[in-house]
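Asks: Dropping the structure in here first, questions after.
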There are 2 protein chains.
Amino acid sequence: MTGPAPQRQSLAGQTVDVLRELVLTGEISTGQRVNEVELAHRMHISRGPLREAIRHLISEGLLVYVPHRGAHVRQADAAELYALFELRAALECAAARLAALRRSDHDLATLHQVSAESRQSYEAGRRFPYRLDLAFHQCLLEAAASPRIADQVRLVQQQVILLRSRHEVDQAHTHASMADHDQLIAAIADRDADRASAVMATHLDRVRDQMVAALGESDGPMDSGDRDGDGG
Amino acid sequence: MTGPAPQRQSLAGQTVDVLRELVLTGEISTGQRVNEVELAHRMHISRGPLREAIRHLISEGLLVYVPHRGAHVRQADAAELYALFELRAALECAAARLAALRRSDHDLATLHQVSAESRQSYEAGRRFPYRLDLAFHQCLLEAAASPRIADQVRLVQQQVILLRSRHEVDQAHTHASMADHDQLIAAIADRDADRASAVMATHLDRVRDQMVAALGESDGPMDSGDRDGDGG
DNA sequence: CGACTGTCGACTGTTGACAGTTTGCGGAGC
DNA sequence: GCTCCGCAAACTGTCAACAGTCGACAGTCG
């Protein structure tokens with residue numbers, strides 16, 4: 001599991017985690033090219049392990065690669081975001097369906113708990129950190145008990161995070177998302193697979209539209225719009 | 001387009017294709033460990049590009065990796081096969097749904113054509129080469145017009161091929177599969193997304209059960225009967 | 001003044017060698 | 001005879017250096 005990280009990992013393995021964090025936190029800007037020698041020097045490692053780590057992140061979809069030009073952080077337009085969410089919907093709707101069929105009482109209790117934490121955090125004035133949103137979807141994957149689907153969902157979610165971290169989410173969307181989660185829990189509690197899948201589809205459509213809107217605001221007018229608002 | 005393959009690919013890129021073929025054709029046996037130095041010498045390349053190719057195939061799911069032990073060809077028991085087909089069903093049912101909604105007349109004609117070729121080949125006495133089965137699913141992906149889903153389906157299909165190549169398929173299963181394909185085409189022609197998804201689910205269940213049965217025949221009765229098949 | 005071409009710099013692609021770890025074998029001890 | 005310990009071989013992990021390729025700049029020709 002994602003327990004205490006075994007520090008006995010290889011250098012390349014550690015580098016994957018470090019580099020992934022650099023990308024997801026935006027420390028390496030979107031679209032920025034990754035210089036192998038410079039980055040290797042900065043990490044006090046050789047180019048070999050770094051290259052393997054880069055290739056790994058490419059396979060995870062966080063980086064893209066151009067021959068003889070190196071790798072750069074993936075940047076998505078609206079079309080790619082739609083395509084990504086089609087994949088996400090395919091996977092998570094199936095997960096919701098399986099969760100409804102297979103969930104144990106323990107799974108259901110955990111879902112309720114995470115949902116309660118989210119609402120608590122929200123009403124305490126915090127901005128519904130997507131850590132709790134991720135935790136909810138993670139619990140759902142546990143309930144679905146389908147390891148291969150779970151792995152793929154995690155990869156897709158990483159790519160969503162890569163885009164989501166760039167902008168803010170508004171309050172109305174937060175409220176609607178939590179309502180979706182509650183409906184999803186209800187469907188899973190009833191072991192209603194079709195309803196769980198449908199609610200998930202609705203939820204993901206909402207999240208997608210919100211992200212497309214935010215993308216259009218910050219990235220839409222691209223002609224020399226050089227306001228690199230990476231602050232967040 | 002996917003025209004003449006750019007032979008100017010990097011050595012690592014070429015090696016990926018060569019190694020993938022070696023694995024899928026069974027030239028590297030299932031479970032067999034991959035010796036880096038030996039294989040690099042045999043391919044007249046250095047270990048660097050070979051390692052990158054190996055890591056790539058690991059990310060594709062064809063190889064698995066053990067620290068300090070190297071990579072070996074993935075071998076699946078019944079439980080893993082069930083998990084794999086849950087992922088496949090999630091992806092391909094969604095693809096079938098999208099294909100029903102988005103297919104053009106040209107897509108439909110192509111599907112009909114591939115289906116006819118399959119039937120022709122079958123009645124000519126051939127054993128329904130799964131190349132044609134793959135071609136059918138490929139056409140369906142084109143009709144679905146969802147690039148991310150298509151990519152993932154291709155990766156999953158590779159893993160299925162890795163297991164399917166080991167054994168034969170019986171005639172009854174072949175006949176049923178072609179009937180499934182025809183029903184799927186009909187549903188897509190009617191733009192009935194729900195029915196297309198349902199037919200695909202049935203089809204994949206059939207294929208899965210046939211593979212599980214074949215797996216149990218050829219691989220099940222091993223010396224120490226460790227039938228931990230809790231595939232639910 | 002504009003377009004083309006030759007050269008330079010930087011970076012990726014590849015290689016061979018070195019170091020650390022694991023595994024298998026052989027011998028000593030019980 | 002069986003078990004445990006130690007050594008050696010083989011393999012993976014890592015590194016530094018070499019070679020090939022692409023992009024940019026400057027010089028030259030029309």
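Asks: How would A:178, B:200, B:211 line up from fewest to most surrounding beta-carbon atoms within 10 angstrom?
Replies: Starting with the residue having the fewest Cβ neighbours, the order is A:178, B:211, B:200.
Asks: Using only helices, what value at 222 nm comes out for chain A when you add -39,500 (n - 2.57) per DSSP H run of length 4 or more and divide by the total residues, to the nearest 500 deg cm²/dmol?
Replies: When only DSSP H runs of four or more count, the value is -23000 deg cm²/dmol.
Asks: In addition: Which value, in debye to the nearest 20, describes the size of the charge dipole of chain B about its Cα centre when Lys and Arg Cβ atoms bear +1, Asp and Glu Cβ atoms bear -1, and nothing else is charged?
Replies: Approximately 820 debye in magnitude.
Asks: Starting from a label point 7 Å past Cα on the Cβ side, list the distances from residue B:41 to the same position in the other copies, nm, shortest first.
Replies: For residue B:41, the other copies' label points sit at 3.7 nm, shortest first.
Asks: Hey, another quick one. Using Cα pairs closer than 8 Å and at least 6 residues apart in sequence, work out the relative contact order for the range B:35-158, in percent.
Replies: It rounds to 26 percent for the range B:35-158.
Asks: Report, in whole Å, the centroid distance computed from the Cα atoms of the range B:187-204 and the range A:90-112.
Replies: Answer, in whole Å: 24.
Asks: Fewest to most neighbouring Cβ within 10 Å: what's the order for B:110, B:25?
Replies: B:25, B:110
Asks: Considering the Cα positions of the range A:50-107, please state its Rg to one decimal place and its Dmax as a whole number of Å.
Replies: That works out to 16.9, 53 Å for Rg and Dmax.
Asks: Mean projection of the alpha-carbon convex hull of the protein assembly as shown over all orientations, in nm²?
Replies: 25.3 nm²
Asks: May I pose another question? Neighbouring Cβ atoms within 10 Å as the yardstick, rank A:38, B:80, A:52, A:117 fewest first.
Replies: Least to most surrounded, the residues fall as A:38, A:117, B:80, A:52.
Asks: Now for a different question. Work out Dmax and Rg for the range A:149-199 from the C-alpha atoms and quote the Rg first, both in angstrom.
Replies: Using the Cα atoms of the range A:149-199, the pair Rg, Dmax is 13.6, 37 Å.
Asks: Assuming 0.36 nm per residue, please report the length gained on full extension of the stretch residue B:11 to residue B:179 beyond their Cα-Cα distance.
Replies: 56.1 nm
Asks: Classify the range B:107-158 as rounded, prolate or oblate from the Cα gyration tensor: take a ≥ b ≥ c as the square roots of its eigenvalues, call it rounded if a/c is under 1.5, otherwise prolate when a/b beats b/c and oblate if not.
Replies: Because a/c hits 1.5 or more and a/b fails to exceed b/c, the range B:107-158 counts as oblate.
Asks: Taking amide hydrogens as modeled 1.01 Å from N in the peptide plane, which residues meet the under 5 Å criterion relative to residue A:63, leaving out close sequence neighbours?
Replies: Sorted by chain and number, the residues that satisfy this are A:58, A:74.
Asks: Kindly write out, for the range A:110-119 in residue order, the coupling ³J(HN,Hα) from the Karplus curve 6.51 cos²θ - 1.76 cosθ + 1.60 (θ = phi - 60°), rounded to whole Hz, with x marking Gly and Pro.
Replies: Working through the residues one at a time gives 5, 4, 4, 5, 5, 4, 5, 4, 4, 5 Hz.
Asks: Applying the Karplus parametrisation 6.51 cos²θ - 1.76 cosθ + 1.60 with θ = phi - 60° to the phi angles of the range B:75-81, what ³J(HN,Hα) value in whole Hz is obtained for each residue in order, glycine and proline being reported as x?
Replies: Each residue of the range B:75-81 in turn: 10, 10, 8, 4, 4, 5, 5 Hz.
Asks: Averaged over all directions, how much area does the convex hull of the C-alpha atoms of the range A:5-67 cover when projected, in nm²?
Replies: Directional mean of the projected Cα hull area for the range A:5-67 stands at 4.4 nm².
Asks: Which residue, A:192, A:182, A:151, has the most motion in a Gaussian network model of chain A that connects Cα atoms within less than 10 Å?
Replies: Greatest mean-square fluctuation among the candidates belongs to A:151.
Asks: What is the dipole size for the protein assembly as shown, taken about its Cα centre, with +1 at each Lys and Arg Cβ and -1 at each Asp and Glu Cβ, in debye to the nearest 20?
Replies: Taking the Cα centre of the protein assembly as shown as origin, the dipole is about 1120 debye.
Asks: Continuing with the same structure: Put the label 7 Å from Cα along Cα→Cβ for residue A:10; what are its distances to the other copies, in nanometres, shortest first?
Replies: 1.7
Asks: With contacts defined as alpha carbon pairs under 8 Å and 6 or more residues apart, what's the relative contact order of chain B in percent?
Replies: 25 percent
Asks: Can you give me the Rg/Rh ratio for the range B:2-139, using Cα atoms for both radii and the Kirkwood formula for Rh?
Replies: Using only Cα positions, Rg/Rh for the range B:2-139 is 1.05.
Asks: Starting from the exponent 0.38 and prefactor 2.2 Å, build the expected Rg for chain A from its residue count and divide its actual Cα Rg by it.
Replies: 1.09
Asks: While we're looking at this one, here's another question. Within chain B, what's the longest stretch lacking trypsin sites (Lys or Arg not before Pro) that sit in DSSP loops with no more than 10 other Cβ atoms inside 10 Å?
Replies: Looking at chain B, B:70-232 is the longest stretch - no exposed trypsin sites (Lys or Arg not before Pro) with at most 10 other Cβ atoms within 10 Å.
Asks: Quick one: with label points 7 Å out along Cα→Cβ, list the inter-copy distances for residue B:123 in nm, shortest first?
Replies: 6.9
Asks: Using each residue's phi in the range A:135-143, evaluate 6.51 cos²θ - 1.76 cosθ + 1.60 at θ = phi - 60° and report the 3J(HN,Hα) Karplus result to the nearest Hz, with x for Gly and Pro.
Replies: Working through the residues one at a time gives 4, 4, 5, 5, 4, 4, 5, 4, 5 Hz.
Values quoted throughout were computed directly from the atomic coordinates according to the rules given, and no laboratory measurement underlies them. Bear in mind that the values here come from a model prediction, so they are computed numbers and not experimental data. A quick note on method: Cβ atoms are made from the backbone with ideal geometry, for glycine too, and the neighbour counts reach across all protein chains shown.
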